[in-house]
Amino acid sequence: MKKRLKEIEEEAGALRELQAKVEKEMGSAQDSPGASATMAEKEEVDSRSIYVGNVDYGCTPEEVQQHFQSCGTVNRVTILTDKFGQPKGFAYVEFVEVDAVQNALLLNESELHGRQLKVSAKRTNIPGMKQYRGRRPNPFFRSRRPFMPGAPMYPPYGYGRVPRYRRPVRYRPY
């Protein structure tokens, strides 16, 4: 038992050393101008890509690639799926050349599997645009009474909201 425990501790130490080595390499890679290069690379890839909307749920990436093959050489087709693996109904097509994007835009409103495709140039994602900023108060909405911290004050006629006057219901004979 002690022998097995010693083996496990040695393996854990070796794993820690490997982890430290990998983190050191990753840290040096992030310090280099790779971070700005990745953003430039993303913009370059996005300039060669298109967004394809209204894609049939039964459509495969090979069929989408074959549909856009006439525009230029297709590098990659990505059909996005939800957490259950079902297609979301849109795809991204990346071409090898930038000129192929203009040719692909001509295929807007073309049909694939009986559905009219919506083709547009892929936009570059801007980081920080989808930050949750909380609920902001509306300056044009004023509440009926200001908020007063402390014990709740109930009206003298009972609990709950004030009953509104309603016109009596008139019953009609059959």
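Values for this structure:
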| quantity | calculated |
| --- | --- |
| Matching option when the condition is modelled with pLDDT of 95 or more and aliphatic (A, V, I, L, M), among 91, 20 | 91 |
| Residue check for residue 28: modelled with pLDDT of 85 or more and surrounded by 10 or more Cβ atoms within 10 Å (Cβ to Cβ) | no |
| Of residues in segment 86-117 being charged (D, E, K, R) and under 15 Å from residue 63 (Cα atoms), the one nearest to the chain's Cα centre (by Cα) | 94 |
| Unmet criterion (only one of (1) touching a strand residue (DSSP E or B) at 6+ places or on another chain (Cβ under 7 Å); (2) polar (S, T, N, Q); (3) exposed (fewer than 15 other Cβ atoms within 10 Å of the Cβ)) for residue 69 | (1) |
| Residues being within 15 Å of the chain's Cα centre (by Cα) and among the polar types (S, T, N, Q) - total across segment 64-85 | 2 |
| Matching residues, segment 61-89, being outside any strand (DSSP E or B), small (Gly, Ala, Ser) and under 18 Å from residue 49 (Cβ atoms) | 70, 72 |
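The values are calculated or read from the model by the stated rules, or taken from the named source; none is laboratory data. Everything numeric in this text was worked out from a predicted model, so none of it was measured. Virtual Cβ from ideal backbone geometry, glycine too; neighbours counted across all protein chains shown.
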